1. When the convex hull of the Cα atoms of the range 205-314 is projected onto a plane and the area is averaged over all directions, what value comes out in nm²?
2. Please report, to two decimal places, log10 I(q)/I(0) for the range 243-296 at q = 0.15, 0.17, 0.25 Å⁻¹ as given by the Debye formula with identical point scatterers on the Cα atoms and no solvent.
3. Pick out the long, greasy-scoring helices in the chain: whole DSSP H runs spanning 15 Å or more along their own axis by Cα, mean Kyte-Doolittle at least -0.5.
4. Taking just the C-alpha trace of the range 88-132, give me its Rg and Dmax in Å.
5. Can you tally the net charge around GLU277? Count Lys and Arg as +1, Asp and Glu as -1, for every other residue whose Cβ sits under 15 Å from the Cβ of GLU277.
6. For the range 167-273, which whole-number percentage of the solvent-accessible area (1.4 Å probe, protein heavy atoms only) is attributable to carbon and sulfur atoms?
7. Taking the Cβ-Cβ separation of ASP211 and LYS290 as r and a Förster radius of 30 Å, what is the calculated FRET efficiency to the nearest 0.05?
8. Simple spin-label model, 7 Å along Cα-to-Cβ: ASN98 to ALA280 in nm?
Amino acid sequence: MKRIFAMIAAAALVTTGCGSGGGAGGGAGNRLSIATGGTTGVYYVYGGGLANQLSANIANTRATASVTSASVENIKLLASGKADIGFSQADTAADAVNGKDTFTAKQPIKAIARIYDNYAHVVVAPGVTAAKVADLKGKRVSLGPANSGTQVVARRMLEAAGLNPDTDITKQQLSINESVQAAKDGTVDAFFWVGGLPTAGITDLATSKPDMKLLDTGDVLEKMRATYGEQYVPLDVDLSTYKLSGTIKTVGIANVLLVPDQMKEQLAYDITKTLFEKKAELSAVHPEAKKLDVKLGQQVAPVELHPGAARYYKEKG
């Protein structure tokens, strides 16, 4: 994984999210900012690989990946013109286009693809007794950083388990990197993370602290689906992914790639085409890219497909 990070760092400049307007204008030279997530999460690795491919395959284009708090922040960056492409969980994207929960108004975004599914991870630090989400009552728990999709899901999972996220736990709002370090140091009892498999930070924690645990969260799924809809799906995690033993059930959430709704059609088409036609190269950066599929890619409801992406899918039948 360190080698992957080195490859990305060498090939794609990582900035702090400064959109150029190139995504909307698509003039003579596009500078595209891709809003991703924390450095040990999948969004960042995947986004760095995508930046490389867009820079190499779309004429007069330079794409860079930005470190962010992920889904909620990414959508706000797109809406404000400070990013041109953003990774998001489908539940957060649904809230954005409906102007619900975190978003006080409908956000001007469209989708270019559904890319892979996220897995809800509830990580319990070594020596802490907990077998299910409800057992986190009274414990020190990180819900993920502010403006993250992880925090949206964490709060909903706790509520589905009968806990109040603001009063039944000692709440912290740490990034994936900070959560992993806090679990190592014993300053949190557990943390939530929503991401693909494997997530580098959790691999690191499991390697250094093999007595950590990942909770089975299958018991909260039906309550979440009843409250928020079928965007939450059952997924199994083979813990050998993290060099642990066993299998657990957890909550899954699709990931989508979003763009501003004013992005020029040709640019959105070119981005979508590059995403799918450079699947092999992206898969070499992170295995979650192997799940790219043209049929699945179109399943972005309730977000609308950008017309440029829709044209690409139509060409592919």
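1. Details: hull surface 36.3 nm².
The Cα convex hull of the range 205-314, projected and averaged over all directions, gives 9.1 nm².
2. Those come out to -0.61, -0.73, -1.11, one per q.
3. Values: long enough: 42-57 (22 Å, 0.20); 149-160 (17 Å, 0.05); 265-277 (18 Å, -0.30).
What comes out of the filter, once short or polar helices are dropped, is 42-57, 149-160, 265-277.
4. In order Rg, Dmax, the Cα atoms of the range 88-132 give 16.0, 46 Å.
5. Charge balance in the 15 Å sphere: +2.
6. Working: 2160 of 4520 Å².
Roughly 48 percent of what the probe reaches on the range 167-273 is carbon or sulfur.
7. On the way: r = 31 Å, r/R0 = 1.04.
Calculated value: 0.45.
8. For ASN98 paired with ALA280, the spin-label model returns 4.1 nm.
The values are calculated or read from the model by the stated rules, or taken from the named source; none is laboratory data. A quick note: this is a predicted structure, and the numbers were derived from the prediction, not measured. Note: ideal-geometry Cβ built from the backbone for every residue, glycine included; neighbour counts use all protein chains shown. Just so you know, the surface numbers come from the protein's heavy atoms only, side chains and all, with ligands and any DNA or RNA stripped out. Shrake-Rupley method; radii C 1.70, N 1.55, O 1.52, S 1.80 Å.
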